[in-house]
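Below is one structure, written out as structure tokens; comments come after it.
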Amino acid sequence: TRGADVLARLAVSLEEAARGTEKEIAFERARTCGDCGGTGCEGGAAPAVCPVCHGDGQIVQRQGFFAISTPCPRCRGEGTVIAHPCPTCRGRGLVREKKTVKIKIPPGVATGVRIRLVGEGESGVHGGRPGDFYAELEVNADPRFGREGDDIIAELWISPAKACLLYTSDAAD
């Protein structure tokens, strides 16, 4: 089974969003247990075939023409059982770990943009490929500037005389 994706929120300033930057972000994820290699069994042994369903993962009850199939109550549909669980992961095959990654934020990003790092999510169960990590950006407001789409806006108060001088110098260019 493929591992789960991990989503984390990352706040950046308006200046960082405009120019682009590189930031570090820390998060938690599930990784394959190093002691059992992801099997969930102590010493890395393989799980045993379930004695109730004989590895099918299902119990079939027949009554005349009808058959009802339910997940095996002993192995919960897995088809295997762990006689001696790994003490580190308690039979899950996965352990929690803290991870820190660097994310390159391109110039011009806006709130809601997600940056994807392939394979940095949670490990897959029973050797499945890992999920992805997503950093969802939130651009903080700046008291000096506003933003409308891709435009940065600043409001300046100037005298009417200065406005006329600016207007006439722009017209001459």
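May I ask which residue of Ile152, Gly128, Gly91 lies farthest towards the positive end of the charge dipole of region 78-162, with charges of +1 (Lys, Arg) and -1 (Asp, Glu) on Cβ and the Cα centre as origin?
Gly91
How big is region 109-165 in terms of Cα radius of gyration and Dmax, in angstroms?
Both quantities, over Cα of region 109-165: 21.9, 75 Å.
So what is the relative contact order for region 64-134, in percent, with contacts set as C-alpha pairs under 8 Å and at least six apart?
Relative contact order here is 18 percent.
Once the Cα gyration tensor of region 84-137 is diagonalised, what are the square roots of 5 times its eigenvalues, in whole Å and ordered largest first, as equivalent ellipsoid semi-axes?
32, 11, 8
If you count the DSSP beta bridges with both ends in region 1-149, what percent of them are antiparallel, to the nearest 5?
80 percent
Among Ala30, Thr100, Gly40, whose Cα projects farthest towards the positive end of the dipole of the chain, with charges put on the beta-carbon of Lys, Arg (+1) and Asp, Glu (-1)?
Of the candidates, Gly40 comes out farthest on the positive side.
Mind putting together the pair-distance distribution for region 65-161? All Cα pairs, 5 Å bins, whole percent per bin, short to long.
2, 8, 11, 11, 10, 9, 8, 8, 7, 6, 5, 5, 3, 2, 1, 1, 1, 0, 0, 0
So what is the 222 nm mean residue ellipticity for the chain from helices alone, if each DSSP H run of at least 4 adds -39500 (n - 2.57) and you divide by all residues, rounding to the nearest 500 deg cm²/dmol?
The helix-only estimate for the chain comes to -3000 deg cm²/dmol at 222 nm.
What are the residues whose amide H is under 5 Å from the amide H of Ile59, where those residues sit 5 or more places off or on another chain and H is modelled from the backbone?
Amide H to amide H, under 5 Å and 5 or more residues apart or across chains, Ile59 pairs with Thr70, Cys72.
Hey, what D do you get for region 1-67 in µm²/s if you plug the Kirkwood alpha-carbon radius into Stokes-Einstein at 10 °C and 1.306 mPa s?
This corresponds to a translational diffusion coefficient of 89 µm²/s.
Pairs of Cα atoms under 8 Å, at least six residues apart: use those to get the relative contact order of region 95-137, whole percent.
Once normalised by length, the contact order is 36 percent.
For the chain, what relative contact order do you get, as a whole percent, if you take Cα pairs closer than 8 Å and at least 6 residues apart?
Relative contact order comes out at 34 percent.
Could you tell me the convex hull volume per residue, in Å³, taken over the Cα atoms of the chain?
Dividing the Cα hull volume of the chain by its residues yields 193 Å³.
Count the lysine pairs in the chain that are 8 or more places apart or on different chains: how many have C-alpha atoms under 17 angstrom apart?
4
If you keep only loop residues by DSSP, which chymotrypsin sites (Phe, Trp or Tyr not before Pro) in region 64-167 have at most 15 other Cβ atoms within 10 Å of their Cβ?
Those satisfying the criteria are Phe65, Phe145, Trp157.
Where the eigenvalues come from the Cα gyration tensor of region 15-109, what are the semi-axes √(5λ) of the equivalent ellipsoid, largest first, in whole Å?
45, 21, 7
For region 32-83, I need the span (max minus min coordinate) of the C-alpha atoms along each principal axis, in Å, sorted largest to smallest.
Dimensions of region 32-83 along the principal axes of its Cα atoms: 49, 18, 12 Å.
Once you charge only the Cβ atoms, +1 for Lys and Arg and -1 for Asp and Glu, what is the size of the charge dipole of the chain about its Cα centre, to the nearest 20 debye?
1000 debye
Where a number appears in this text, it was derived from the coordinates with a stated rule and is not lab data. Keep in mind it's a predicted model, so treat the numbers as computed, not measured. Neighbour counts are summed over all protein chains in view; Cβ atoms, including those assigned to glycine, are modelled from backbone coordinates with ideal geometry.
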